[in-house]
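Peer 1: I'd like to ask you about the structure that follows.
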Protein chains: 2
Amino acid sequence: MSDLKFSVYGESTSSTQFIAKARQFRLIVDEPEELGGTDQDANPVEYILAGLAGCINVVGHIVAKELGFTINKLNIEVSGNVNPDKFLGQSNDERAGFKSIGLNLIPETDANIVALTKWLTIVEERCPVKDNLNNKTPVKLSVEKVYN
Amino acid sequence: MSDLKFSVYGESTSSTQFIAKARQFRLIVDEPEELGGTDQDANPVEYILAGLAGCINVVGHIVAKELGFTINKLNIEVSGNVNPDKFLGQSNDERAGFKSIGLNLIPETDANIVALTKWLTIVEERCPVKDNLNNKTPVKLSVEKVYN
C-alpha cells in the first residue's frame, strides 16, 4: 500500500492548554495544576501512553486473528517515569522524556500462554507507535514568523 | 525534582476501539472506517501527533518566558507519513511507524526571528515527547493470562 498521511492542526488556548484537531475530532491537551496547568484534560505524555495502548489494541486484534484465536477483551496498563528537570530548565542530568515505558496486557482469550507469547512478539514488531518510541524517528521543527 | 509517574489504564471496547483512563480523564482511541474501525475518535498515531504538539506548546511558553518575550498564541501544524504494510502484516520492507514527523510552529509574538530561532533550539532539546520520539525509549511489554 502507499503511505498514509496523518495530520493534526491546533492552537494554544493558554500557556499549557492546546486544542488539536485531527480530522473531525477535537482533542484537548492540558497540564495538571501541579505542572502549572488548568487540568481540563490529559497532558501530553498521557496522550502518548493512550496512543500507545490504543495502537497495541488494534495490532493485538489483527495478530490474534492471523494466529487463529479470539480476544474477547483486552485490558492494558501502561506507565512510565519522567524526570521534569530538563523540561523545566533546572538540569540536563536526565533525559527530557520517559526513561522507559512498561505495558502489561491482560487479554480475555482462549489462547494458551505459548500462543500468547508468540502473539506478543509479533504485536511488538508491528505496532506503529511502539516503533516510533522504541526506535529513532526524525522530528523536524520549523518556525514561521507572522508579521501583523 | 524526583521522577513523576504517569499511568494510563484502559480496555478494548472493540477490535479497534480502546477507552483509556488517565487520572479523571477518558480518552477514546479508534480507527477510521478505511482502517477497519468505527471512527468514534482520533486514531493512535493522531494521539501521538496531538501529544507532541501539546508538549511543544507547554515547553514553548516556558522557554519564551525565560528568554523574555511573550507568545500571545501558538498555532502548530504537525504531520507524518505511515506506510501501513508492516502493521497489516503485508510486508516488512518499511518501518511500522511514522517515517518522520514535521512540525511547523506559528507563534504570535513580539520576538524577532533571531530570538525565535534560539527559542526553537531550546524547545527542541527540552520537549519530553520530542525526546521520546527522536531518541530510543525502552518499551517493555508483558502479557498476563487470566484463567476464568
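The values are calculated or read from the model by the stated rules, or taken from the named source; none is laboratory data. Computed from a prediction, not measured in an experiment: that's the story for all the values here. Using ideal geometry, Cβ is built from the backbone for each residue, glycine included, and neighbour counts are taken over all protein chains shown.
Peer 1: Take the stretch B:117-148 and flag every residue that is within 16 Å of residue A:96 (Cβ to Cβ), of a type in the set (Ser, Thr, Tyr) and in a helix (DSSP H, G or I).
Peer 2: B:121
Peer 1: Exactly one condition in (1) within 18 Å of residue B:128 (Cβ to Cβ); (2) more than 7 Å from every other protein chain (Cβ to nearest Cβ) is not met by residue A:51; state its number.
Peer 2: Only one criterion is unmet by residue A:51, namely (2).
Peer 1: What number goes with the only condition from (1) in contact with a Leu (Cβ under 8 Å, 6 or more places away or on another chain); (2) crowded, with 24+ Cβ neighbours inside 10 Å that residue B:51 does not pass?
Peer 2: Among (1) in contact with a Leu (Cβ under 8 Å, 6 or more places away or on another chain); (2) crowded, with 24+ Cβ neighbours inside 10 Å, residue B:51 violates only (1).
Peer 1: Just a yes or no: is a residue in the stretch B:59-72 touching a Cys at 6+ places or on another chain (Cβ under 8 Å), within 18 Å of residue B:123 (Cα to Cα) and either part of a helix (DSSP H, G or I) or in the same structural domain as residue B:130 (by TED's automatic domain parsing) (or both)?
Peer 2: Yes: one or more hits.
Peer 1: Restricting the stretch B:13-44 to residues that are in contact (Cβ under 8 Å) with a residue 12 or more places away in the chain and hydroxyl-bearing (Ser, Thr, Tyr), which is nearest to the other protein chains (Cβ to nearest Cβ)?
Peer 2: Only one residue fits best here, namely B:15.
Peer 1: Separate question: Report whether or not residue B:62 is aliphatic (A, V, I, L, M) and either more than 7 Å from chain A (Cβ to nearest Cβ) or over 23 Å from residue A:133 (Cα atoms) (or both).
Peer 2: Taking the combined requirement at face value, the residue satisfies it.
Peer 1: Determine which member of the set A:80, A:89 is under 15 Å from residue B:139 (Cα atoms), of a type outside the set (Ser, Thr, Tyr) and within 7 Å of chain B (Cβ to nearest Cβ).
Peer 2: A:80
Peer 1: So residue A:114 clears everything in (1) outside any helix (DSSP H, G or I); (2) free of Cβ contacts under 8 Å to residues at least 40 places away in the same chain; (3) more than 15 Å from the chain's Cα centre (by Cα) except one condition, right? Which one?
Peer 2: So residue A:114 meets the others, but not (1).
Peer 1: Follow-up. Taking into account only those residues within the stretch B:10-37 that are among the charged types (D, E, K, R) and in a helix (DSSP H, G or I), which is modelled with the highest pLDDT?
Peer 2: For the stretch B:10-37, the residue satisfying everything is B:33.
Peer 1: Quick one: in the stretch B:117-148, of everything that is in contact (Cβ under 8 Å) with a residue 12 or more places away in the chain and not hydrophobic (A, V, I, L, M, F, W, C), which residue is farthest from the other protein chains (Cβ to nearest Cβ)?
Peer 2: The residue in question is B:118.
Peer 1: When you check residue B:129 against the structure, is it in contact with a Pro (Cβ under 8 Å, 6 or more places away or on another chain) and under 25 Å from residue A:62 (Cα atoms), yes or no?
Peer 2: no
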